[in-house]
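Notes follow once the structure below has been shown.
The values are calculated or read from the model by the stated rules, or taken from the named source; none is laboratory data. On a predicted model such as this, the values are computed, not experimentally measured, just so you know. Cβ: placed from backbone, ideal geometry, glycine included. Neighbour counts: every protein chain shown. Quick note on the areas: whole protein, heavy atoms, side chains included, nothing else; ligands and nucleic acids left out. Shrake-Rupley method; radii C 1.70, N 1.55, O 1.52, S 1.80 Å.
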Amino acid sequence: MRKLIVAAVLAAGLPLLAEAAELEGAGRFCGYAPIIDLLPGEKVTTLEGGFHSGTFLWEGPFGSLDVRGIGWASRPKGRMVEAQNGTKPARFAQRRKGDRYEVAIWNGGHGAAYFSSDKPLNAHQLKAISRVRLFEEGQDPSGCALRTRFSWE
């Protein structure tokens with residue numbers, strides 16, 4: 001019966017929920033695409049995860065950001081303001097999306113992350129985003145002291 005339920009969820013494309021949990025730095029956090037070397041005083045609260053993406057809240061001295069990481073993404077919309085350089089992802093211009101403000105980063109392949117806030121992102125938040133690296137489906141980043149774990153149950 002469990003296999004039947006899993007198959008139905010897969011066929012419907014419904015997200016698999018992860019348990020909400022707080023993960024505090026310092027340490028390397030590997031979300032579903034973002035890799036963040038958390039500094040002391042920073043934490044992530046995992047929210048939900050699906051087949052190709054996951055969401056979490058990232059908080060620190062810079063404030064808080066809602067983050068949606070995607071391990072099988074295409075190039076984000078908008079104007080690129082910083083080109084990809086080695087492992088540093090490209091950053092896209094801040095955009096207004098509904099009643100929120102959003103900045104995207106992209107690794108040039110299938111890894112992307114979207115950082116959003118109800119106020120325009122400030123210089124401290126953009127500096128924090130510049131520390132984020134990305135991985136994509138099929139890759140296994142190293143040195144992850146903190147990870148999101150998804151459960152079928």
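Taking the condition of being at pLDDT below 90, among the aliphatic types (A, V, I, L, M) and under 14 Å from PHE115 (Cβ atoms), how many residues in segment 25-43 meet it?
1
Report, by residue number, each residue of segment 40-94 that is open to solvent by 20 Å² or more (accessible area, probe 1.4 Å) and among the polar types (S, T, N, Q).
THR45, SER53, THR55, SER64, SER74, GLN84, ASN85, THR87, GLN94
Could you tell me whether SER64 is under 19 Å from ALA26 (Cα atoms), at pLDDT 95 or above and assigned to a strand (DSSP E or B)?
So SER64 passes the test.
Give the residues of segment 76-133 that are in a strand (DSSP E or B), under 18 Å from THR55 (Cα atoms) and not hydroxyl-bearing (Ser, Thr, Tyr), sorted by residue number.
Answer for segment 76-133, where residues must be in a strand (DSSP E or B), under 18 Å from THR55 (Cα atoms) and not hydroxyl-bearing (Ser, Thr, Tyr): LYS97, ARG100, GLU102, VAL103, ALA104, ILE105, TRP106, ALA112, ALA113, PHE115, ARG133.
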